[in-house]
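The values are calculated or read from the model by the stated rules, or taken from the named source; none is laboratory data. Model, not experiment: these values are computed from the prediction. Neighbour counts run over all protein chains shown; Cβ positions are idealised from the backbone, glycine included.
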Amino acid sequence: MALPEIVQSSLTDYFRMVQSEVHQLTAPLSTEQIWSKPYAYGNSIGNLILHLTGNFNYYIGTQLAGTEYVRHRPREFTDTGQPKEDLIRDFNAATEIAVTTIARQSGDDWTQPYEAENEPESHDRFTMFFRCAAHAYHHVGQIIYLQRELLKRS
């Protein structure tokens, strides 16, 4: 397998792993639990999932797939109460955009210039996909911790 195919396969697997973990972590939780904040200084699981959804939709969807998604980043941390099913549906749709866009990259596309607002460090497409994947798993780690706290309290 050539390097571009390895990159596609690895990134696709990684985004799917993130998606699977979000599903597993939210499965035992109610909508109310997803939006509750076990600590006054942190985010809810719902806000973290909104944030990941916005991240994928903007940095991959808008910038590479041409979806014309308009991001409202501050609301990712203030909105509450969306039903769990809708939250997960939107996250799944954003993940599909990421995976579909990865599949469309040719070997030459990975090194094409990349530019987006508030993202000065990603100069090429590969770096942007890589940063989105790493960013997602950072928040999955937070979701793991929050889920454990919420389940201890129920």
(request) Would you please list the contacts, defined by Cβ atoms under 6 Å and residues six or more apart or on different chains, that run from a residue in the stretch 54-79 that is at pLDDT 95 or above to a residue that is assigned to a loop (DSSP other than H, G, I, E, B) and among the β-branched types (Val, Ile, Thr)? (result) Gly61/Thr67
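Restricting the search to the stretch 20-56, which residues are charged (D, E, K, R), crowded, with 16+ Cβ neighbours inside 10 Å and part of a helix (DSSP H, G or I)?
First pass over the stretch 20-56, keeping only residues charged (D, E, K, R): 21, 32, 37.
Next cut, crowded, with 16+ Cβ neighbours inside 10 Å only: 21, 37.
Across the stretch 20-56, the qualifying residue is only Glu21.
Can you work out which of the residues in the stretch 132-154 that are of a type outside the set (A, V, I, L, M, F, W, C) and in contact (Cβ under 8 Å) with a residue 12 or more places away in the chain is nearest to Val70 (Cα to Cα)? Lay out the reasoning, then the answer.
Filtering the stretch 132-154 down to residues of a type outside the set (A, V, I, L, M, F, W, C) leaves 135, 137-139, 141-142, 145, 147-149, 152-154.
Now restrict to residues that are in contact (Cβ under 8 Å) with a residue 12 or more places away in the chain: 135, 137, 139, 142, 147, 149, 153-154.
On the way: His135: 20, Tyr137: 23, His139: 22, Gln142: 25, Gln147: 29, Glu149: 33, Arg153: 37, Ser154: 37 Å.
Going through the qualifying residues, I end up with His135.
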